[in-house]
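Enquirer: Quick one: the structure is below, and I'll ask about it shortly.
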Amino acid sequence: MRFSLALPREALSIPVIRRALGDALRGLGVSQECIADILLATSEACTNVIEHAQTAKDFEVDAHIDEGHCVLKIVDQGRGFRDVPTRQADPDDESGRGINIMRALVDDVDFDSTPGQGTVVSLHKRLTWQDEALIRRLERELVHSGR
């Protein structure tokens, strides 16, 4: 499954992407814990766009769910940055914790940013499934029909 949403760079966009992505993952039978991790990491990435991509009017969220993985790309045409912060943010800091949160919730986070041209944040997460997930039923049917 693939889908892409173009959203205005404003806070009201975050619940929209959470709803669309959450509904898609639930519909496939992804476990609630896995969905919660993906939605929070995505919210953090989108919040960074809203707060830091000041020259961008909108941004895109591209989702690709395939073979047990979810890959999300949050793309903006903002000001970009040279270096990704690598220090651990202090828990009492007002900002700077989003990257650490993303890294804690998904398997891989990648930043591709060019000053003056924008940023792509890629989030990769191996999916876990509910017991009766649609994908598991389809896999069983394929195994049985292949005999």
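The values are calculated or read from the model by the stated rules, or taken from the named source; none is laboratory data. All of these numbers come straight from a predicted model, not from anything done at the bench. As a convention, Cβ positions derive from the backbone with ideal geometry for all residues, glycine included, and neighbour counts pool all protein chains shown.
Enquirer: How about the range 99-114: which of its residues are buried (at least 17 other Cβ atoms within 10 Å of the Cβ) and small (Gly, Ala, Ser)?
Expert: Hit for the range 99-114 is Ser113, nothing else.
Enquirer: More than 11 Å from the chain's Cα centre (by Cα), surrounded by fewer than 15 Cβ atoms within 10 Å (Cβ to Cβ), assigned to a helix (DSSP H, G or I) and modelled with pLDDT of 95 or more - does that describe any residue in the range 2-15?
Expert: Yes, the conditions are met somewhere in the range 2-15.
Enquirer: Continuing with the same structure: Assess whether Thr47 counts as being in contact with a strand residue (DSSP E or B) (Cβ under 7 Å, 6 or more places away or on another chain) and in a helix (DSSP H, G or I).
Expert: No.
Enquirer: Output the number of the condition that Ala56 fails; it satisfies all remaining conditions of (1) modelled with pLDDT of 95 or more; (2) small (Gly, Ala, Ser); (3) surrounded by 12 or more Cβ atoms within 10 Å (Cβ to Cβ).
Expert: Condition not satisfied by Ala56: (1).
Enquirer: For the list (1) at pLDDT below 85; (2) assigned to a loop (DSSP other than H, G, I, E, B); (3) of a type outside the set (Asp, Glu); (4) surrounded by 11 or more Cβ atoms within 10 Å (Cβ to Cβ), I need the number of the one condition that Gly78 fails.
Expert: (1)
Enquirer: What number of residues within the range 33-53 are free of Cβ contacts under 8 Å to residues at least 24 places away in the same chain and either of a type in the set (Phe, Trp, Tyr) or surrounded by fewer than 18 Cβ atoms within 10 Å (Cβ to Cβ) (or both)?
Expert: Going through the range 33-53 one residue at a time, the tally reaches 1.
Enquirer: Which residue pairs have Cβ atoms under 6 Å apart, sit 6 or more places apart or on different chains, and have a first residue in the range 4-29 that is within 26 Å of Thr128 (Cα to Cα) and a second that is assigned to a loop (DSSP other than H, G, I, E, B)?
Expert: Gly29/Gln130; Gly29/Ala133
Enquirer: Does the range 21-44 hold any residues that are of a type in the set (Gly, Ala, Ser), out of contact with any Leu (no Cβ under 6 Å at 6 or more places or on another chain) and assigned to a helix (DSSP H, G or I), and which are they?
Expert: Ala24, Gly27, Ala36, Ser43
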